1. Filter segment B:273-288 down to residues that are facing another protein chain (nearest Cβ under 7 Å) and β-branched (Val, Ile, Thr) and give me whichever is nearest to B:Ile394 (Cα to Cα).
2. Could you please find all residues in segment B:289-306 being touching a helix residue (DSSP H, G or I) at 6+ places or on another chain (Cβ under 9 Å), surrounded by fewer than 17 Cβ atoms within 10 Å (Cβ to Cβ) and within 14 Å of chain A (Cβ to nearest Cβ)?
3. In segment A:267-298, how many are within 17 Å of the chain's Cα centre (by Cα) and in a loop (DSSP other than H, G, I, E, B)?
4. Got a sec? Which of A:Lys126, A:Lys216 is at pLDDT below 80 and among the charged types (D, E, K, R)?
5. Against the condition more than 26 Å from the chain's Cα centre (by Cα), β-branched (Val, Ile, Thr) and either more than 18 Å from A:Gly242 (Cβ to Cβ) or facing chain B (nearest Cβ under 7 Å) (or both), how does A:Ile148 come out, does it pass?
6. Kindly indicate whether A:Val137 is crowded, with 23+ Cβ neighbours inside 10 Å, farther than 20 Å from A:Ala237 by Cα, assigned by TED's automatic domain parsing to the domain that holds A:Tyr221 and among the β-branched types (Val, Ile, Thr).
7. Quick one: B:Gly245 ticks every box in (1) over 25 Å from the mean Cα position of the chain (by Cα); (2) without any contact (Cβ under 8 Å) to a residue 12 or more places away in the chain except a single one, so which number is it?
Amino acid sequence: MSEKNENVKVKKIRPNYLNLSSSEKISRLGAYILLIVLCIIWLYPIVWIVLNAFRTEFNPDGTMVGTVVSHYWPKQVGWDNFKILFTNTYFPVWFRNTLVVAVFTCILSTMLNMSVSYVMSKVKFKMRKPFMNIAMVMGLFPGFMSMIAIYYILKALGLTQTLFALILCYSAGAGLGFYVGKGFFDTVPNALIEAARIDGAGEARIFATIILPISKPIIVYTALMSFTGPWMDFIFARVILGEQNTHLHTVAVGLYYMMYGQIVDTSRFTVFAAGCVCVAIPIVALFMYLQKYYIEGSTAGSVKG
Amino acid sequence: MDRKKYGISGFFQRIAQPFINFYKRFMDGSIGTKMSHFIMGAGNIYHGQIIKGLIYFLIQVGYVVFMVTCPKVNNTPLGYKAFINFVTLGTQEGDIFTPADNSMLMLLFGVVTFGITLMYLFAYNSSIKSSYKADKDLKNYGKVTTFRHDLKEMFGNRFYIAMLTPATLGAVVFTLLPTLFMILIAFTNFDKERQAGLKLFDWVGLDNFTTFFTNPSGEIAARFLPVLGWTLIWAFFATFLNYYGGILLALLINKKGLKGKVIFRAIFVLTIAIPQFISLLAMRNLIGEYGPLQSFLIKVGIMSEPMSFLANAPNVWIARITIILINLWVGIPYSMLLASGAIMNIPESLYEAARIDGASKFTILRKITMPYIVFITTPYLISSFIGNITSFNIIYLLTGGMPKVTGGYIAGGTDLLVTWLYKLTIDEQQHNLGAVIGILTFLLTSTVTLITYRRSKSYKEEDAFQ
């Protein structure tokens, strides 16, 4: 919505460039230069990782260099790092693990989060304020304080460290993060719900047929955040799934150990970079595709608190 | 019931209310309701609500069986024995032939059994209430509700209970219970020497806290204040530099008449979308001794020879400043997005009016744009301050808390309270000290929140939009 407005505005006020005062010209030129410099700073590391993924430089003895090198642009490019990544490492397994965890986390936590948000916003029940206060207090404890406890509980109970446990850890607490969703539902007019009630619709039906269809932005936002969470999280996955179980790693943990783990054999920076590219491309594509919802959601969430 | 009660008397009234209700229902209720006080569901069966009554009755049977038989998990009993164990934390010292009692599981199961008992009491209360309601219905309407009707009600007026239950259960089991458990650990001597199942640990009261505060020469205490100090410095700079950096960038991108806004913004959104572990590890290598940045700086003549800016930095402050700078790279795009949102929402009429009054561009920026952005984004500022106090990834992935400092007690020069907590518990098994740090972190974040949130408009006017 904002995009459109902006375009209209720009067209309306765009003066003929020749008519601009010279100070305006200079300030505009300065702004362009500054922005381009900033963009270069922000893109510099990202481009570097992508370049490294394709970097296939060889030592004189025929082995691949693979480490961090001091020149930015590669002297030779190829697909070798990706080949190594998919044939010599557990990367496909990590990727599958993360995908499974992400899909289930997304479904579970979106459902939990939406139902709590809606109730907190639209239903005035007796325990509402205490509930909100407890949720706020819980949010102030360092998140992985409970994670460490979960880790010890799982370990003490002899429960195998499974992806299922990780899914539960990611999504079980999702209901506590209802503030963003509540902010959205607060803007849904109560009259809409009242009218449906007068027509005799039950609460479940109101939620399913009236609220859900108009909540697409917030649902997409919540789903996006919970789906990308497992791809980005490093510490929960590492603690819950253990450091030894290579076949249980998610991409973040697996790639970290590829760089800083015990197995020297695979600690190649360029292969790591190839892995990063494989992870980043789908996530970035998703973000860009749903950019509108992401911006709306994060703005609404932090603006309303 | 919903009359607002304030102050201390209101507080006691609120606590007393359930007991008063309890007494009233017992005296007022039918014989069935009276029976319900002893056998759950009796009142419902008395009124012919067989299925509902049976469900309540089964809950009671289940609870009693659970409490009496004390089912064992990993050789540690739940049920009533768990309460006893919770107090003693185990009596059987281990030797070669018999394993020691598992103090940690005993502590945990004590908490679990307590939680189950609370839920049982809740069900118990609701069974009496339901029976009492049936009494009333019989008196007022001449009939009680059917099970089918109750079920329908579950999807009608009481649908919110069905919606809240799974989320609440999840939060209780995976957040509340573990957090309680960690808080309790802070009052024990559960440390490296007393591994669970090998050696008993016991309650020590406030000893762990006194180690932190009253023994300034002690290793931990000597390390605590520096780590706390750095945590605060970090949170302050990380929050405010990112915040104002983001606003400036947003102003720049949204400058009137500038083309390519969408592209510029997309480039910065791109950096948000890339998983942090990737961008942080990339940064770490990019600016490392062997990375291209340093070789470039040497070529240009700014540096003379490669050095570490992070984990092996010669001076702690080099590492600290580098972290804060890298965090700018990570955080500015995000606050830019928020500030952009705010800027686009500023009513054009405000600018018009200012221009008519002959305000200069700088005045407009200072008097209209900035106050507006700051007003809108203050809640974000607070939550990002708290987020920075407990931010883990950036420190752990960039330096792992290093460089080493003298008398570090595991904490390196860039360790925050939370990364120290992680190291103490996961790497060093000093669970009790880790738990104390967790509690102190909580106190820190909650103080900040209390001071700021309570004053902020969005808290006071929480219901303004309803």
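The values are calculated or read from the model by the stated rules, or taken from the named source; none is laboratory data. This one's a predicted model, so the numbers in the text were calculated from it and none came from an experiment. Positions of Cβ are generated from backbone atoms using ideal geometry, with glycine treated the same way; all protein chains shown enter the neighbour counts.
1. Applying the filter and picking the extreme gives B:Ile278.
2. Across segment B:289-306, the qualifying residues are B:Met303, B:Glu305, B:Pro306.
3. Result for segment A:267-298: 1.
4. Being at pLDDT below 80 and among the charged types (D, E, K, R) holds for just one of A:Lys126, A:Lys216, which is A:Lys126.
5. No; evaluated as a whole, the condition is false for this residue.
6. The answer is no for A:Val137.
7. With respect to (1) over 25 Å from the mean Cα position of the chain (by Cα); (2) without any contact (Cβ under 8 Å) to a residue 12 or more places away in the chain, B:Gly245 is out only on (2).
Okay, residues lined up against (1) under 25 Å from the mean Cα position of the chain (by Cα); (2) within 11 Å of chain A (Cβ to nearest Cβ):
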site	(1), (2)
B:Arg366	no, no
B:Pro371	no, no
B:Phe375	no, yes
B:Ser391	yes, yes
B:Tyr396	yes, yes
B:Gly400	yes, yes
B:Glu428	yes, no
